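*Asks:* Quick one: the structure is below, and I'll ask about it shortly.
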Amino acid sequence: MKTIALVCLVMCLTFGMASSHYYYGKGLMSVLSKQAEALYRGLAMVTSEDGDVLASHHDHGYHGYRHRVAFTAVTSSSTTYSSGTTIPFTTVKSNYGHAYNSGNYRFTAPSNGVYVFSWSIATHTSYYGHTKLMKNGSTYHQSHCSSGYQQCGATVTIILNKHDQVWLASDSSSLYVYATYSSFSGWKLK
C-alpha cells in the first residue's frame, strides 16, 4: 500500500509539474524574451542624466565613449623652447572625440562643460621648467620648477565654452623638454 501511494504521489507531482511547467514555461519564456529585448535596446543606447549618449551598438571602436572627450599626447623630440612658444605634443596616444589637434597642438572644446587638463614636463638640469596653460590666448595656470632633472606639471579644472582652445606653452626664457617623458592630457568631466 505504501508503494502504491508513493507511486501515485510521484506520478501526480510529475504530471502536475509537467503541465504547469508548460504553462508557466511559456509565460517565463515570454517574459525572458521581453527582458532580453529590453536589455538589447538598453545596451544599444545608454544615456546619461543630461541626455548625452554614452554608448551605442554603433560605437565605432570607442567602447562606450563615442561622445566622450579625452586625449593624451607626448612630445616626440627633446628640444629647447623660448618663452611663449607652444609646446608641440605631436605623438597622440589617445584622442577620443578628436578634440586635440596634433597639427597646432591645441585642444578645442567640442561643447560647453567642465574639463580637466594635466601636464607633466621632464626638464634638463640646466633649465627651469616653467610652463603655462593657455586658454584662448591668455594664461590660465602656471607651473614653476627649479633647475635640475625634474618631472613637474599640474592638473587643473576649467570651464570651457564650445570652441574655446587650450594649449601648453613655455613660460621660461629657455625651457628644455625631454621627448616621450613629457605629456599633456585633457578630458571632459561634465
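*Asks:* Within the set of pairs 6+ apart or on separate chains, which have a first residue in the range 138-163 that is within 18 Å of Y115 (Cα to Cα) and of a type outside the set (D, E), a second that is open to solvent by 90 Å² or more (accessible area, probe 1.4 Å) and not in a strand (DSSP E or B), and C-beta atoms under 6 Å apart?
*Replies:* N161/N112; K162/N112
*Asks:* Would you list the strands (runs of 3 or more DSSP E) that sit entirely within the range 93-190 and hold 1 or more residues that are farther than 15 Å from V74 by Cα and modelled with pLDDT under 85? Walk me through how you get there before you give the answer.
*Replies:* Values: elements: 106-108, 113-123, 131-135, 138-143, 150-160, 165-170, 175-177, 183-188.
Filter on the range 93-190 gives 150-160, 175-177.
*Asks:* When only residues in the range 156-190 that are of a type in the set (V, I, T) and loosely packed, with under 14 Cβ neighbours inside 10 Å count, which is farthest from V69 (Cα to Cα)?
*Replies:* Quick first cut of the range 156-190, residues of a type in the set (V, I, T) only: 156-159, 166, 177, 180.
After this cut, where a residue has to be loosely packed, with under 14 Cβ neighbours inside 10 Å as well, the list is 157, 159, 180.
Values: T157: 14, I159: 14, T180: 22 Å.
Only one residue tops the list, namely T180.
*Asks:* List every residue pair whose Cβ atoms sit under 8 Å apart, with the two residues 6 or more apart in sequence or on different chains, where the first one lies in the range 100-125 and is surrounded by 18 or more Cβ atoms within 10 Å (Cβ to Cβ) and the second, anywhere, is among the acidic types (D, E) and not in a strand (DSSP E or B).
*Replies:* Pairs found: A109/D164.
*Asks:* Could I ask something else about it? Which residues, taken from the range 80-96, are open to solvent by less than 30 Å² (accessible area, probe 1.4 Å) and within 20 Å of the chain's Cα centre (by Cα)? Give the derivation first.
*Replies:* Let us first name the residues in the range 80-96 that are open to solvent by less than 30 Å² (accessible area, probe 1.4 Å), namely 81, 87-89.
Correct list: F89 only.
The values are calculated or read from the model by the stated rules, or taken from the named source; none is laboratory data. Note that this is a predicted model, so its numbers are computed, not measured. Cβ: placed from backbone, ideal geometry, glycine included. Neighbour counts: every protein chain shown. Side chains are part of the model used for accessible areas, which takes the heavy atoms of the whole protein and leaves out ligands, DNA and RNA. Shrake-Rupley method; radii C 1.70, N 1.55, O 1.52, S 1.80 Å.
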